[in-house]
Amino acid sequence: MLDADAAYLALKARDLRFDGRLFVGVTSTGIYCRPVCRVRTPKRDNCRFFGSAAQAEACGFRPCLKCRPEIAPADGRLAWSVMDASRTLAHQAAHWLDRHASAGGEAHVEALAAALGITDRHVRRIFKAEHGVTPLQYLQTRRLLLAKQLLTDSALPITQVALACGFGSVRRFNAAFVERYGLNPGSLRKQAAGAATSASDMPVCLQLAYREPFEGAALRRFLAQRAITGVESVEVDGPLPHIRRSVRLTHEHGGETHGWLQVSFPPGRSVVRVELAPQLALHSARLIRLVRRWLDLDAVPEAIDESLAGLPGAGTRLPGAVDPFELAVRAVLGQQVTVAAARTFATRLVNAFGEPLATPWPEVSRLFPSPAVLAALAPEQLGELGIVRQRGAAILALAAQWDSLAPLIDHGPAAPAALLAHLEALPGIGPWTAHYIAMRALAWPDAFPPRDVAVLKAIEQRYGLHGPREAERLAQRWSPWRSYAVIRLWGSLAPAPRSAETERSACIPS
């Protein structure tokens, strides 16, 4: 962590690189801000610096209504780095709490400890040492900041805001909000600049910040080339670039919710705007996590670019997935064929077995088929779509085993080995496909799909090295950011504005 003098210099410069990695509490006002806040810079003697919003709130500071700490990117520096066992467990604990922030009732430390396989006393100790707050303080801050975001950006009734943020009752929500922020939720909604005033059946609109540099056009081009007709639509350029898609949310205890989302990229601002269908409102916390992972909004370009010095594409993001099952099937369809061919097969699959969905846009009209639907198919039904037997068998196996695979993806990329092993045990899925799924569905930053022909070609062109062994040896210098290196190497082969056929999986059976 920066020392106080260095942190104050970052604050004075409003340095975007430290957004989400640094917060400043101002003792004269009792408010804490992001380092990019546009209010007048406070005096040095009045500043206290923190590594997280939870630390600032634990010391009694309230979040700023102008710079809005709740929309800041998370600090992604340590989550993917090699660290000691205690720090790894502390970050896994934070990820578990993030996943449970919107769950009703209490997320007990005992349950967290059981999930990590350690004692509750140990989890409290390592969590406090790494994050500076207790697990329950961290969880409460996550819930209250999410509530602040929904109160500011959406027109959800306060009762629904309380439920969406994991509070069991409005009374408990109001009490916690007043205790922490010194005003009730209704007062905050009235004070918040630009607070929504429309009816509660309108879409939920949110803002999410990211750090510069951000190669948004490259990210959108990558996704546009792989967008499945009817499921996803991407406007790469134009006055307001955007991505629109259908959404299927499967719930932990059964049931599904269907809807749509739109992400737009306002020019000149380091934020994306997220618009959610009204029926997805109660799942806002989960969708915020999905969107942040999908668009890699928590990346720390400074650290990544330093490790990948010499590779073009500063600010390149790692494209993730809103629907990991869709991405996994799409990866299988992409084996040994071009991106365009894989997209054609995926579109046929959606037209044959996807459900219709009403959205505001005619180009987004269907849901990707669910695992249950595909698992019930006969191989001949996939063959009728032109999908060869080996890939059809892999898709059916993926669908049948998805209940076992989904938790490994939902738990995050801290330990990808289990997911890779499960995937490679399925028929028709080899190391390339498993690494590609982990890279995008899991958002694993250190994947390196073996024997990828586009990667090998790019390495040969740039470094004069030949063959997989030389490529693997070179790639070690890029760890733990090899996934980003792969994306940059693929992009280095592409003449603008087209991209290389990067999913052409080495012409090696997988």
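The values are calculated or read from the model by the stated rules, or taken from the named source; none is laboratory data. Predicted, not measured: the structure shown is a model, and the values here were computed from it. All Cβ positions, glycine included, derive from the backbone under ideal geometry; neighbour counts span all protein chains shown.
Does L405 satisfy the condition of being assigned to a helix (DSSP H, G or I) and either without any contact (Cβ under 8 Å) to a residue 60 or more places away in the chain or hydrophobic (A, V, I, L, M, F, W, C) (or both)? When the stated conditions are applied, L405 passes them.
The set of residues in the range 233-259 that are farther than 21 Å from R99 by Cα and part of a strand (DSSP E or B) comprises S233, V234, E235, H242, I243, R244, R245, S246. Every residue in the range 200-231 that is more than 17 Å from the chain's Cα centre (by Cα) and not small (G, A, S), please. Answer for the range 200-231, where residues must be more than 17 Å from the chain's Cα centre (by Cα) and not small (G, A, S): D201, M202, P203, V204, C205, P213, R221, Q225, R226, I228, T229, V231. Apart from one condition, P468 fits all of (1) surrounded by fewer than 22 Cβ atoms within 10 Å (Cβ to Cβ); (2) within 30 Å of R289 (Cβ to Cβ); (3) touching a helix residue (DSSP H, G or I) at 6+ places or on another chain (Cβ under 9 Å); the exception is (2). Evaluated against (1) at pLDDT below 95; (2) not in a helix (DSSP H, G or I), L385 falls short on exactly one condition, (1). Scanning the range 152-164 for residues that are in contact with a Phe, Trp or Tyr (Cβ under 7 Å, 6 or more places away or on another chain) and more than 18 Å from A192 (Cα to Cα) yields a total of 0.
The condition (being outside any helix (DSSP H, G or I), touching a residue at least 60 places away in the same chain (Cβ under 8 Å) and either surrounded by fewer than 20 Cβ atoms within 10 Å (Cβ to Cβ) or under 15 Å from the mean Cα position of the chain (by Cα) (or both)) is satisfied by just one residue among V274, V263, V291: V274. Of the residues screened, G168 is one that is in contact with a helix residue (DSSP H, G or I) (Cβ under 9 Å, 6 or more places away or on another chain) and outside any helix (DSSP H, G or I).
Of all residues in the range 147-159, those that are more than 21 Å from V272 (Cβ to Cβ) have Cβ atoms under 6 Å from Cβ atoms of residues that are modelled with pLDDT under 90 and surrounded by fewer than 21 Cβ atoms within 10 Å (Cβ to Cβ), 6 or more apart or on another chain, in P157/S200. Listed residues D296, D323; which is within 16 Å of the chain's Cα centre (by Cα), of a type outside the set (S, T, N, Q) and closer than 29 Å to R462 by Cα? None of the others qualify; the one that does is D296. The single condition among (1) in contact (Cβ under 8 Å) with a residue 40 or more places away in the chain; (2) under 17 Å from the mean Cα position of the chain (by Cα) that I243 does not meet is (1).
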